[in-house]
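Visitor: To start, I am sharing the structure in question, which I have written as structure tokens.
The values are calculated or read from the model by the stated rules, or taken from the named source; none is laboratory data. Everything numeric here is computed off the predicted structure, so don't read it as measured data. Positions of Cβ are backbone-derived with ideal geometry, glycine not excepted, and every protein chain shown enters the neighbour counts.
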């Protein structure tokens, strides 16, 4: 009986190395999920980020129509990649409102002129306050918001072609 | 060969400024301390235990990421407005989960971390007592 005990430490060691080896083979989840899904977006009121579009306030998200809330920035490279797919969502009838993070009006205008403007409203979030209040940790992120300003879904990273039907589906479920 | 390396290095130098992007100045309270030392101390203590969401494995007090600056502004302005540090932490945890806080908490998933060392201490104590008891 006593003899068997001496294998204990080796067994423990193998168990830990096995665990570490297993974890190394697992894909790393680097996304920080918002824990605000199912909760209402807190109050906010942002000035317009672009002269051609009004700013964005909480009342605009509570007008009864489900929307996509796209958090983006003109300095964000993946936002360029996602622009055509936001355009596709827009053509399919999705209403998209934008929150521009730490951006200048001139840069916003240049970006929209180059990559298209799928937004009905764009608020300027200079201190990332709205971004923090909805639990977003980067750009771009897209939230599906129902007609009462409740967050239904968070899409982290750029919207790609394969995400368009999924986002339209979420909007339809919300009654768009 | 040397020329080739130099050419690549200088090309890298030319390319680099393109990645310097965000031109907006940092948030007012990102690098500015609060005038009340007690409030600043409370803010600093809290900021050291909040995770930078962009850079990860760094606190917002340690990070120069613009978003960490905005989080510091959030912390300092709320403390200046009289909010309790733990209320600010709770506000962030409500949005990002426990992940955003470095402060250890006992929860459904973390209780073994606190229980196992205690258990090991007790087992070690029992073993030592038995051995010492045998000898004497």
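Visitor: Any idea which of (1) farther than 28 Å from residue A:146 by Cβ; (2) more than 14 Å from chain B (Cβ to nearest Cβ) is the one residue A:64 doesn't satisfy?
Guide: (1)
Visitor: Go through A:80, A:37 for me and flag whichever is more than 27 Å from residue A:147 (Cα to Cα) and in contact (Cβ under 8 Å) with a residue 12 or more places away in the chain.
Guide: Of A:80, A:37, the one residue that is more than 27 Å from residue A:147 (Cα to Cα) and in contact (Cβ under 8 Å) with a residue 12 or more places away in the chain is A:80.
Visitor: While we're looking at this one, here's another question. If only one of A:100, A:49 is within 14 Å of another protein chain (Cβ to nearest Cβ), over 15 Å from the mean Cα position of the chain (by Cα) and buried (at least 24 other Cβ atoms within 10 Å of the Cβ), which one is it?
Guide: Step by step, each of A:100, A:49 is checked, and only A:49 is within 14 Å of another protein chain (Cβ to nearest Cβ), over 15 Å from the mean Cα position of the chain (by Cα) and buried (at least 24 other Cβ atoms within 10 Å of the Cβ).
Visitor: For residues in the stretch A:1-46 being in a loop (DSSP other than H, G, I, E, B) and away from chain B (no Cβ under 14 Å), which is farthest from residue A:101 (Cα to Cα)?
Guide: A:1
Visitor: Let me ask something else. Suppose the filter is at pLDDT below 65, out of contact with any strand residue (DSSP E or B) (no Cβ under 6 Å at 6 or more places or on another chain), within 14 Å of another protein chain (Cβ to nearest Cβ) and under 26 Å from residue B:75 (Cβ atoms); does residue B:21 pass it?
Guide: Against the criterion (at pLDDT below 65, out of contact with any strand residue (DSSP E or B) (no Cβ under 6 Å at 6 or more places or on another chain), within 14 Å of another protein chain (Cβ to nearest Cβ) and under 26 Å from residue B:75 (Cβ atoms)), residue B:21 qualifies.
Visitor: Checking the condition over 30 Å from residue B:61 (Cβ atoms) and either part of a helix (DSSP H, G or I) or within 20 Å of the chain's Cα centre (by Cα) (or both), which residue from B:95, B:130 passes?
Guide: The unique qualifying residue is B:130.
Visitor: Suppose we filter the stretch A:22-34 for residues that are under 15 Å from the mean Cα position of the chain (by Cα) and more than 20 Å from residue A:70 (Cβ to Cβ); how many remain?
Guide: Summing the residues that are under 15 Å from the mean Cα position of the chain (by Cα) and more than 20 Å from residue A:70 (Cβ to Cβ) in the stretch A:22-34 gives 1.
Visitor: Within the stretch B:26-81, which residues are under 16 Å from residue A:137 (Cβ atoms) and more than 14 Å from every other protein chain (Cβ to nearest Cβ)?
Guide: B:59, the sole residue that qualifies.
Visitor: Any residue at all in the stretch B:99-106 that's farther than 15 Å from residue A:136 by Cα, crowded, with 17+ Cβ neighbours inside 10 Å and within 13 Å of another protein chain (Cβ to nearest Cβ)?
Guide: yes
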